[in-house]
Amino acid sequence: MPLGFAYFCLALSMLLVGGNIAVGKLVLAEVPVFLFAFLRFLIATLVLLPGMLRPRVRRGLDVQAARGLFLQAFFGCFLFSLFMLYGVLHTSATSAGIITSATPSVIALLAWLWLRERVGAHSLLAIALAVGGIAVLNLLGGGTGGAGGADSLLGNALVGGAVLAEALFAIYSRRLALSLHPWCMAFGVNLAGLLLFLPLAVPQALAFDWTGPSAGTWGWTVFYAISASVLSFLLWYRGISAVPANIAGLFTGLMPVGAALVGIGLLGEALAPGQVLGMALVLGAIALGSLAGREAAPQTQEG
């Protein structure tokens, strides 16, 4: 696969995830969080199910691969959601934003320790730019509310756990993307996410007034499931199969960029100078990381 197309897939995947933050907020105003998560994975699983009938899509799927897909969902969908959800209840949005800015660095560290990927000077600089850019974006977008003292420390620790869970998702996805079809991976992760959230969603589903939400809310729920759980997963798995995890991790910096663009374009929010700076740093990091990936590609082929 051409590297340019792989980068495009990774970028579009993260922009979709970031842009859907505003959509998720609209739905969560009327639907409980665990029930929304369950419905998201249920819709995505049903959409992806017909494709699993093709033998080519299922090729390579065995017990070990299924375990890897479950771990992806456990870390990247289940634990990430729980840690982030309860973390922001105990700390400020600003603190959470700063902590999540470390995601590209944590992915690169795990890729170096676990996957034995080399991290060169260009990649290190790109990671630093990405972390700085995301920090700028999050600082400008975060509030100052939240508890202090021990409660804040608990919240910061939970958000840190969410960052680690997201990094583990990226590492597992890189390993499995080398042997599994992207459609198979997307189906497996959504199915596992569905099963993981089922026990938490049942009580909310039983107490929920299903006639309460508007037709628009249900429409946004379907849109979110298809864009965030089908398209974004397919694009991410397609891209990371051709890109080292430490480079792919840089593209997570596009999540707050996507969120900011949707806020500006659809919600009428103002574009602050600091947001422009943050976006420029993130885009510069991706450009530098892409250059490092292109330089490393010939060496990988020779080896």
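Only the coordinates and a few stated rules stand behind these numbers; no lab work does. None of these values were measured; they are calculated from a predicted model. Don't worry about glycine lacking a Cβ; one is built from the backbone with ideal geometry, like all the others, and counts go over all protein chains shown.
Taking other residues whose beta carbon is less than 12 angstrom from the beta carbon of residue 176, and scoring Lys, Arg as +1 and Asp, Glu as -1, yields +2.
If you take all other residues with their beta carbon under 15 Å from the beta carbon of residue 112, and give Lys and Arg +1 and Asp and Glu -1, the sum is +3. Residues 240, 99 in ascending order of nearby Cβ atoms (within 10 Å, fewest first): 99, 240. Taken over the Cα atoms of region 2-71, the convex hull encloses 136 Å³ per residue.
When 185, 1, 84 are arranged by Cβ crowding within 10 Å, least crowded first, meaning fewest neighbours, the order is 1, 84, 185. According to the Kirkwood relation over distinct C-alpha pairs, the hydrodynamic radius of region 147-220 is 16.1 Å. In terms of the mean number of neighbouring beta-carbon atoms within 10 Å, the peptides 37-43, 24-30, 155-161, 243-249 order highest first as 243-249, 37-43, 155-161, 24-30.
Ordered by the number of other Cβ atoms lying within 10 Å of each residue's own Cβ, fewest first, 116, 238 fall into the sequence 116, 238. Its Cα gyration tensor gives region 191-241 an equivalent ellipsoid. The semi-axes, each the square root of 5 times an eigenvalue, are 27, 17, 4 Å from largest down.
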